[in-house]
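Report on the following structure.
The values are calculated or read from the model by the stated rules, or taken from the named source; none is laboratory data. Predicted model only: the values in this text are computed from it and were never measured. Here the Cβ positions follow ideal geometry from the backbone for every residue, glycine too, while neighbour counts run over all protein chains shown.
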Amino acid sequence: MNVEPLSFMEAIVRRVQLNEQDKELLKQEADWGKTIAPQMADIFYDYLGRDEEMNAILNAKEGRIHRLRETFIQWFYEMFTGIDGWGKAYADCRWKIGLVHVRTGIGPQHVVPAMAVVVTAVGQQLRRDHKPEVLSDALSKICMIDLAFIEQAYSEALLQETGWTQALFQRLIAKGAAQV
Ligand code: HEM
């Protein structure tokens, strides 16, 4: 495996500029996060279910939707607690979620709009509950960290399958892009 989840997360934390104040605020609002998580899950799965391709994936296995709803609620709450304060356990968990999506055959093109739905839904709820703008910023940063993990899992799967190095992969992308 090329990716070391904790170092990967540390790099993304720097890039999205998640800081200590963000982390503190999120922890303070964890109870609120737990309360709204089921509503967020409803919005999320309603959105996925309206897309023909995603709906087929969701219903491909008996009980999958039910299980997913529970895992989403847990995932949502963990955005506030950081599991172990955004340490190794958090990074390993997010990396595993990325791998699950790749292994399940969900195309990477579905993931970005799905995360945008979460960001929008949580933003609307924040406004309804008169929560501060800084909480919205902090949550958006966490969503981007989690999204980066899922996206990275696709590149990693490709490198594993082909045996290519990261450098070769980047050269091929640049070459391919030059012809587009
Ligand atoms: C970008 C936002 C997304 C988040 C935060 C999210 C969250 C999760 C979580 C927490 C799991 C459980 C992983 C585990 O077992 O450890 C999961 C699995 C899964 N997700 Fe997502 N997901 C997202 C996008 C999507 C999309 C776009 C689809 C398309 C249909 C999807 C379908 C699935 C499926 C089929 C599984 C595996 C279910 C099983 O175990 O049978 N997810 N997701």
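Key figures for this structure:
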| quantity | calculated |
| --- | --- |
| Residue check, residue 125 more than 10 Å from the ligand (Cβ to nearest atom), of a type in the set (S, T, N, Q) and more than 28 Å from residue 32 (Cα to Cα) | no |
| Of all residues making up region 1-44, the number that are over 30 Å from residue 165 (Cα atoms) and basic (Lys, Arg) | 3 |
| Residue list for region 47-60, filter: among the charged types (D, E, K, R) and surrounded by 11 or more Cβ atoms within 10 Å (Cβ to Cβ) | 51, 53 |
| The lone exception for residue 100 - which of (1) β-branched (Val, Ile, Thr); (2) under 14 Å from the mean Cα position of the chain (by Cα); (3) crowded, with 16+ Cβ neighbours inside 10 Å it fails | (3) |
| Scope region 124-135; condition crowded, with 16+ Cβ neighbours inside 10 Å and either farther than 18 Å from residue 78 by Cα or free of Cβ contacts under 8 Å to residues at least 24 places away in the same chain (or both); matching residues | 126, 131 |
| Residues of region 35-45 classified as surrounded by fewer than 15 Cβ atoms within 10 Å (Cβ to Cβ) and in contact with a helix residue (DSSP H, G or I) (Cβ under 9 Å, 6 or more places away or on another chain), total | 3 |
| Single match in 50, 64, 103 (criterion: of a type in the set (D, E, K, R) and at pLDDT 95 or above) | 50 |
| Conditions (1) surrounded by fewer than 18 Cβ atoms within 10 Å (Cβ to Cβ); (2) farther than 23 Å from residue 134 by Cα; number of the one not met by residue 17 | (2) |
| Qualifying residue in region 3-10 (condition: under 21 Å from residue 140 (Cβ atoms) and either hydrophobic (A, V, I, L, M, F, W, C) or modelled with pLDDT under 95 (or both)) | yes |
| Cross-chain or 6+ apart pairs with Cβ under 6 Å, region 23-34 first and part of a helix (DSSP H, G or I), then of a type in the set (A, V, I, L, M, F, W, C) | 25/135; 25/138; 26/80; 26/138; 30/80; 33/80 |
| Residues located in region 63-109, provided they are within 10 Å of the ligand (Cβ to nearest atom) and not in a helix (DSSP H, G or I) | 63, 104, 105, 106, 107 |
